[in-house]
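Just so you know, all these numbers are worked out from the coordinates, no wet-lab data involved. Not measured: the values here are computed from a predicted model. Cβ sites come from the backbone with ideal geometry, for glycine too, and all protein chains shown count toward neighbours.
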Amino acid sequence: MNGGMLMVQNPPATSSPPPSPSSPSFFTNYPLLSAFVAFAIAQFIKFFTAWYKEQRWDLKQLVGSGGMPSSHSATVTALAAAIGFQEGFGGTLFATALVLAAVVMYDATGVRLQAGRQAEVLNQIVYELPAEHPLAESRPLRELLGHTPPQVVAGGLLGIITAVVGHLIILACS
């Protein structure tokens, strides 16, 4: 003790060996790759579904939220399914991923969908304001925030299919 205070020393720093070629990396992390691939496929599909619906190309669909299918749902279900295939469906890691997926999907159809609908109403109110009103020139709120249940289900199915295909590829290569 030093003046009534306990002095804590940090343990000596140890250097870890550099990763060997057989160490897990980003490119061999099946759950992470499944999640990224599912996200990319969903965003790519969204680009075309937006064109089909609106008859115009919108590059923002490649990175934006909302629309068909839900890339959030695709990402978290691919992650959960891939973890289940890799670590087992009875483990705590899969349980954690499954709960995360359920929360994200519930949020997409609940809070975020309702926030988007409120943004639509608020934008309409602002649009109808007289020109001299201080809010008349305010920037519109983003309306496409959440997902309808069919968009979430489609994203979830895409995520599961992505993880299954990845798992089959791994089995074929081993």
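Please find the FRET efficiency linking Glu128 to Thr96, where r is the Cβ-Cβ separation and R0 is fixed at 45 Å, and quote it to the nearest 0.05.
The value I calculate is 0.45.
Using a basic spin-label model with each label point 7 Å from the Cα along Cα→Cβ, how many nm lie between Ile169 and Glu137?
Using points 7 Å along Cα→Cβ, the separation is 5.2 nm.
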